[in-house]
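Report on the structure given below.
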Amino acid sequence: MQIATAPSTHRTADNVTPHLKKMGTSAMNKGNLSGSKSGQWKQKELFFLVAYAFVFYVIIIARSLQLSRDHYTQLHGLRPGWLIPNHLNDTSDAQWRNFRGNIPILTLVFGIFTLLASLMRAFFNLKVEGMSIVWLLFSLAYLSYLHGACIMFILSIATVNYLLVKIFARKKCFPLIIWSYNIFFLLCNRIYEGYSFSIFGEQWTILDNYRGSFRWHICFNFVVLRMISFGFDYHWTNQDSHFDHEKHYQRCHICKSGKSCYQILQERSLQNDKFRYTTYLCYLVYAPLYIAGPVLSYNAFASQLDVPQNTNSVRDVLRYGFRWVLSLLLVELMTHVFYYNTFAISGLWKQLSPLDVFIIGYGVLNFMWLKFLLIWRFFRFWSLINGIEAPENMPKCINNCHNLEGFWKNWHASFNKWLVRYMYIPLGGSQKKLLNVWVIFTFVAIWHDLEWKLLSWAWLTCIFFIPELVVKSTSKAFKAKSAFGEFIFRELSAVAGAVTITCLMVANLVGFVIGPRGINWLLSSFINKEGLPVLGGLLMTFYVGTKLMFHIDEAKQMSP
């Protein structure tokens, strides 16, 4: 029986094996054919998307030029330009106008400070304590010019914060004390407009004549973030971190090369002797990052005083500066030919058609992105030259973000990292995400200024966040079982992206341009017979834009 069955089994295996191989080969061929068809379809889709985007921007540029030519006599804030002959320049944005006008003096000041600091570091082999004193002296001289006698307010508030940290650190009441103290002064500084010396007595009134050239309480918003960072980094010293160092080292190409990336510098605890008063003050008023950031944690700052950053080579820093110059020329070209910002602040766009309203709104948001990119990168550039790396604030273009979470990770990204470390995770992280966003965005609004339009922006953003978070949690559980399922999921994601981009535009226009009172006007401009086709067109455009972003993300994933 055994002899009879063995050959039989053997013959069956011989017969089945080729059959299985044939089936496997057939399945592979079908898979390859399906993949080939999918690849061909995506190539055709990409061609259509690029063509659509090209036509869209041609229309936007042509109409923007026409609007600027037709209405420039009615607009305010235009000044004689220098880049293009016989063209006026839109300098209506006060923040951009002030920064642009002070670029030469800022470059001279930071150049001198950098040269002196580099010479002293080289000659005296200075480390944390020595470099903190050098930069503190230079920065205090810089602040004395900016704020005059008001520097006393900054040093007084900062000193009390330092004492509170040293007294209450590692106690349960510490978070409540530090947050209460800093939010209290954040609000009081705004309410009392930086205070008056006369409130301390008539003998101090004379100091009100020496308040400097720049309002100190505007810059102090960044000092508040740094005071909180110093406090919690000291509070968390020698505590177990939830940061997975091994997992990070496997993923980070900088750490694999033997260097320390910003994330490692931030998460690595410092010794207690690195939390000295002089180093703390130097961190608060460090000149290159004092006015506008980017924001970096105390741990990362103090680590780089000891060992200057080496993740960016001299060539990388010079290339970064050259790209900044090109970006400056782009903004100058933009403000010479497109008068988006003055259209918005003058209110003239309220008299235009829905299509023109969209073009102006879209242009204003792009101008804002470029403006902040230039401001933040200028100060980050000087910080890099001095050996201190801060996170890039605008790592991704505004036109390459199709969801709220991705947008806020790439707009003022260093602030986002700060919020994640000092608010989001302590509040419960992803487990309480739907509640966290309300607390965090309300704080962000108050941090910017005490205005109802900013609170409206914050709460609108939270409202828009809720459906996105729900959809994301649902999509993680969903797995497409066929090519058609993947196609449907991709299309729905693109539609969701189009809606999200529209919501982002509305929230940011309300928060930074038109205010809550303008919501009714904005909605009424598009929800009517003339506006509905435009609304449909812009949703279609954002749908196309989202699909283009999918292709960009896929190309990045495929690249080595």
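The values are calculated or read from the model by the stated rules, or taken from the named source; none is laboratory data. Just so we're clear, the structure is a prediction, and the values are computed from it rather than from any experiment. When we count neighbours, we look across all protein chains shown, and the Cβ atoms used for this are built from the backbone with ideal geometry, even at glycine. In case anyone asks, the SASA skips ligands and DNA or RNA and just uses the protein heavy atoms, side chains included. Shrake-Rupley method; radii C 1.70, N 1.55, O 1.52, S 1.80 Å.
Here are some notes:
- Unique residue being surrounded by 15 or more Cβ atoms within 10 Å (Cβ to Cβ) and of a type outside the set (F, W, Y) when the list is V337, V314, V325: V337
- When L78 is tested against (1) open to solvent by 30 Å² or more (accessible area, probe 1.4 Å); (2) over 28 Å from the mean Cα position of the chain (by Cα), just one condition goes unmet, and that condition is (1).
- Here the helices (runs of 4 or more DSSP H) wholly within the range 289-354 that include at least 2 residues being under 16 Å from W376 (Cβ atoms) are 314-337.
- Just one of the listed residues (S132, S144, S64, S139) is farther than 13 Å from A287 by Cα and touching a residue at least 40 places away in the same chain (Cβ under 8 Å), namely S64.
- The selection criterion, being open to solvent by less than 30 Å² (accessible area, probe 1.4 Å), over 25 Å from H217 (Cα atoms) and hydrophobic (A, V, I, L, M, F, W, C), holds for A117.
- Tally of residues being open to solvent by less than 80 Å² (accessible area, probe 1.4 Å), farther than 23 Å from G347 by Cβ and without any contact (Cβ under 8 Å) to a residue 24 or more places away in the chain across the range 90-104: 3
- Counting the residues of the range 120-159 that are aliphatic (A, V, I, L, M) and outside any helix (DSSP H, G or I) gives 1.
- Within the range 266-296, considering residues that are open to solvent by 20 Å² or more (accessible area, probe 1.4 Å) and under 21 Å from the mean Cα position of the chain (by Cα), the one modelled with the lowest pLDDT: E267
- Being surrounded by 15 or more Cβ atoms within 10 Å (Cβ to Cβ), hydrophobic (A, V, I, L, M, F, W, C), assigned to a helix (DSSP H, G or I) and out of contact with any helix residue (DSSP H, G or I) (no Cβ under 6 Å at 6 or more places or on another chain) is a condition met by no residue of the range 474-489.
- So N399, is it over 27 Å from C282 (Cα atoms), open to solvent by 20 Å² or more (accessible area, probe 1.4 Å) and modelled with pLDDT under 90: yes
- Residue selected from the range 167-198 under the condition of a type in the set (D, E, K, R) and touching a residue at least 60 places away in the same chain (Cβ under 8 Å), by the criterion surrounded by the fewest Cβ atoms within 10 Å (Cβ to Cβ): R170
- Top-ranked residue in the range 123-143 [being out of contact with any helix residue (DSSP H, G or I) (no Cβ under 6 Å at 6 or more places or on another chain) and of a type outside the set (A, V, I, L, M); ranked as nearest to F275 (Cα to Cα)]: E129
- Within the range 408-420, the set of residues being over 20 Å from T500 (Cβ atoms), touching a residue at least 12 places away in the same chain (Cβ under 8 Å) and open to solvent by 30 Å² or more (accessible area, probe 1.4 Å) comprises K417 only.
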